[in-house]
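The values are calculated or read from the model by the stated rules, or taken from the named source; none is laboratory data. Model, not experiment: these values are computed from the prediction. These accessible areas exclude ligands, DNA and RNA; they are computed on the full protein's heavy atoms, side chains included. Shrake-Rupley method; radii C 1.70, N 1.55, O 1.52, S 1.80 Å.
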Amino acid sequence: MKKAVFFDRDGVINKDLGYVHKQENFIFSEGIFDALRFCKDNGFLLFVVTNQSGIGKGYYTLEDFRAITTYMQKELKTRLGFGFDSVYFCPHTEEENCVCRKPKAGMIEQAKKDYDIKLNDCFIIGDKITDMQAGQTGGIRHKILIGKLPKERFTHIDNLHIIPNTKAICESMQTILSI
């Protein structure tokens, strides 16, 4: 069975400027290239799991999302020699109550089916409580939350590690993997 790291997109891979769907607004987060390299060097598959309700709300189209995803993958391959193994996304709004929208674990469950993943060896990295809830519900063992939120708000999330920014991903993962 394989292991993977599940990355949220906006706020983790790129700066969250609100409904990012244009190339000129897609700015990679500081430290994300080092984090992706670290994960790949340690044998992890790399996945994006991202809510994209802007599609459902009509702010941008599925084609816009596909174009920005193609741009992201091309930039990663140029800079690192590899991109994400798969990109999972939910185009629905909260009101649609679908199974794929985080905090539900539909995207994680799909990746598990697609790649035969052992979730106990996996990480989810996000910047919102919904990312951590999806990881918890989906059975991902290690959860890394980027931000300055108090840990007390997350008492129902096990194996939670809070880090200040994307530059701290490698150090946090190294510490967890060495335990």
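What number comes out for accessible area per residue over the chain if the probe is 1.4 Å? Units Å², please.
Result: 49 Å² of accessible area for each residue.
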Considering only protein heavy atoms and a 1.4 Å probe, what is the carbon-and-sulfur percentage of the accessible area of the chain?
48
What base-10 log of the normalised intensity I(q)/I(0) is obtained for the range 58-109 from the Debye formula, alpha carbons as equal point scatterers, at q = 0.24, 0.29, 0.31, 0.32 Å⁻¹?
-0.96, -1.06, -1.10, -1.13
Give the ranking of Val99, Val87 by solvent-accessible surface, highest area first, calculated with a 1.4 Å probe.
Val99, Val87
If the reach is capped at under 19 angstrom between alpha carbons, list the lysines near Lys151, excluding any in the same chain fewer than eight residues apart.
Lys128, Lys143
Sort Lys167, Lys102 by heavy-atom solvent-accessible area, probe 1.4 angstrom, most to least.
Lys167, Lys102
Enumerate the whole-percent occupancy of each 5 Å bin, from 0 to the last occupied one, for all C-alpha pair distances of the chain.
1, 8, 18, 22, 23, 17, 8, 2, 0, 0
Quick one: divide the alpha-carbon radius of gyration of the range 121-179 by 2.2 N^0.38 Å and tell me what you get.
1.01
Under a 10 Å cutoff between Cα atoms, tell me which one of Gly135, Gly54, Gly126 has the largest fluctuation in the Gaussian network model of the chain.
Gly54
Relative contact order (%) - criterion: Cα under 8 Å, at least six apart; region: the range 72-134:
24
Report, ordered by chain and residue number, the lysines lying within cross-link reach of Lys74, taken as a straight Cα distance under 18 Å and ignoring same-chain residues fewer than 8 apart.
Lys15, Lys22, Lys40
For a quick check, take a GNM of the chain with Cα springs below 10 Å and name the residue from Lys15, Lys113, Lys143 with the largest mean-square fluctuation.
Lys113
